[in-house]
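The values are calculated or read from the model by the stated rules, or taken from the named source; none is laboratory data. Everything numeric in this text was worked out from a predicted model, so none of it was measured. Cβ sites come from the backbone with ideal geometry, for glycine too, and all protein chains shown count toward neighbours. Just the protein is used for accessible areas: all its heavy atoms, side chains included, with ligands, DNA and RNA removed. Shrake-Rupley method; radii C 1.70, N 1.55, O 1.52, S 1.80 Å.
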Amino acid sequence: MRVLIQVRPSPDLVAAVADPTVAVTASDVADGLPGVVLDHAFAPVAVPRPVPATPGADPLSLNQPLTFSMRPDEASVVVCGEIADDEISTRVSLLPMTRREVVAVYADPVIESCLTCGDDPAVGDWHDVERLLHVAELADEGLDGGGVALAVVDTGINAAHAERVLGHEITVDEDRSWSPHGVSGKPGEHPIDHGTMCAFDALIAAPKASLLDIPVLLSRRRGGSTLDGLLSDAIAAYAHLRDVLEAQPARSRALVVSNSWGSFSPRWDFPPGSPGNYSDNPAHPFNLIVGSLAEAGADILFAAGNCGRDCRDSRCAFPDRPIVGANSHPKVLSIGGIDTNGARVGYSSQGPGRLTERKPDLCAYTHFAGSQAFGDTEPDSGTSAACPVAAGLVAAVRTLWPSAKLSASQLRTLLRRTADDRSDVGYDHDYGYGVVDAAGVIAALRRRAARAA
């Protein structure tokens, strides 16, 4: 079984890992761990320490104000490796005892893209989504995504295909894109697939955004295939995105991260309640690094998944509460799906979530004729499409409202408060707070700007 091993080496070594200009290997950090075969292709990643704003509070409670410390004497480091399946329980318990610097051992589960299980034809097209998102009115307000970094964490982007279908040029930021070890191809030149669909759908509301191509789902585990990767690749990608965010001027920081993937099965995870579990464990390194990136000012969106009761994806293996891990993190927006007629699609996962109960947060549009990534007549579907549609709206807002003017937390609250409530009055586990309402967002931003004038 593949595992993530969290270690706390010397502060000098932690500082070296956190410095993107310094090359540090897995052997430098954790050589000689008993029973562990290190993955030397995976570069060690620094993980911040959560610090509660209230002294004495539980640092692992994500539903509270937290800061994240990257001080070398407080942060830790994650490396990857493999443990024999018949030694998992023994090694996981013994490693922290045999090596003082070992903090914990966690699952490195398979992550997969969120595709639909349904064969229904498309409902409307991307021009309907454009209308429903009030894209023309957003553009009149100067909210078109210009200058905003929009990271598509998926299978890679084919920019030429997206440009052909959209009918205009798009921007792929090669310098700030990133690929896992072993993934070849230039940013924006990957095969037409799931990531191209996600990029296209994000550009509906934010046509001038700068796309960061982050193809974590193109990496291949042993015996695996394309369209599934490992959570360790996502950890490394998020460490890169933290560097991207911190390199931006503080007054104009804007980074939107769209994630149309998740963990579908407990088979690749430690059991719920186990210290090494990912699905419901706030201490897992990926859940920590997601929280720290959001706290630093990034807007992070995850697909809620396609495990809805009416039409479950065949891969769904969680018996209940299928919105797991970072997809249910309180500092991200978890996005469910509706069609362009306003009806919830049957495969959209329902809450409660595992890390926090109120998931999904919102719904956005899906199952429409759009990118043609899977064929001229195949819809952009699943919460995979709904997530980047919502991410595009967030990127549009960030054009004139960077995180210094409107924090990630404030924007999440604004989107929830302006959402079009479609079911029970108030929050419910089918629609969350409701459907994203671009007109309501525009009106709220106008009021906010008037107050600040």
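From zero outward in steps of 5 Å, how is the percent of C-alpha pairs of region 297-453 spread across the bins? Cα pair-distance distribution for region 297-453, in percent: 2, 10, 19, 22, 19, 14, 9, 4, 1, 0, 0. Largest first, the residues Tyr431, Tyr278 sort by 1.4 Å accessible area into Tyr431, Tyr278. Each part reduced to its alpha carbon centroid, region 392-430 and region 274-326 end up 20 Å apart.
In whole percents, the pair-distance distribution calculated for region 1-77 from its alpha-carbon pairs, binned every 5 Å from zero, is 3, 15, 22, 19, 15, 13, 9, 4. In the chain, Cα pairs under 8 Å separated by at least six residues give a relative contact order of 17 percent.
Checked against a 28 Å cut-off, the cross-linked pairs Lys208/Lys405; Lys186/Lys208; Lys331/Lys405 all give Cα-Cα distances at or below that limit. Against the criterion of solvent-accessible heavy-atom surface with a 1.4 angstrom probe, Met1, Met197 sort, most first, into Met1, Met197.
In plain terms, the chain from Ala247 to Ala452 could stretch by 71.1 nm, reckoned as 0.36 nm per residue minus the Cα-Cα distance.
Taking the helices alone, the chain has a mean residue ellipticity at 222 nm of -8500 deg cm²/dmol, built from -39,500 (n - 2.57) per DSSP H run of at least 4 residues and averaged over all its residues. Note on region 235-306: Kirkwood radius taken over Cα pairs, Stokes-Einstein applied at 10 °C and 1.306 mPa s, translational D equal to 117 µm² s⁻¹. Compared with the direct C-alpha span, the chain from Thr25 to Ala160 gains 45.0 nm at full extension, assuming 0.36 nm per residue. The share of Cα pairs per 10 Å bin across region 1-46, counted from zero up to the longest distance, runs 26, 58, 15, 0 percent.
Summed over all non-identical Cα pairs, the Kirkwood treatment of region 171-309 gives a radius of 16.4 Å. To the nearest 10 degrees, how steep is helix 382-398 against the longest Cα principal axis of the chain, on a 0 to 90 scale? Between helix and principal axis, roughly 80 degrees. Each label was represented as a point 7 Å from its Cα along the Cα-to-Cβ direction; for Val37 and Glu174 these points are 3.7 nm apart. Taking every DSSP bridge with both residues inside the chain, close to 55 percent are antiparallel.
Using the alpha-carbon centroid of each, what span in Å lies between region 1-37 and region 145-194? That distance is 31 Å. What does the charge count around Val165 come to, taking other residues whose C-beta lies under 12 Å from its C-beta (Lys +1, Arg +1, Asp -1, Glu -1)? Summing Lys and Arg as +1 and Asp and Glu as -1 gives -4.
Descending by average beta-carbon neighbour count within 10 Å, the peptides 231-243, 12-24 line up as 231-243, 12-24, the highest first. Against the empirical 2.2 N^0.38 Å (N residues), region 279-321 has a Cα radius of gyration ratio of 1.49.
Projected label points at Ala443 and Asp58, each 7 Å from Cα along the beta carbon direction, are separated by 4.0 nanometres. Mean sequence separation of contacting Cα pairs (under 8 Å, at least six apart), scaled by the length of region 118-227, corresponds to a relative contact order of 39 percent.
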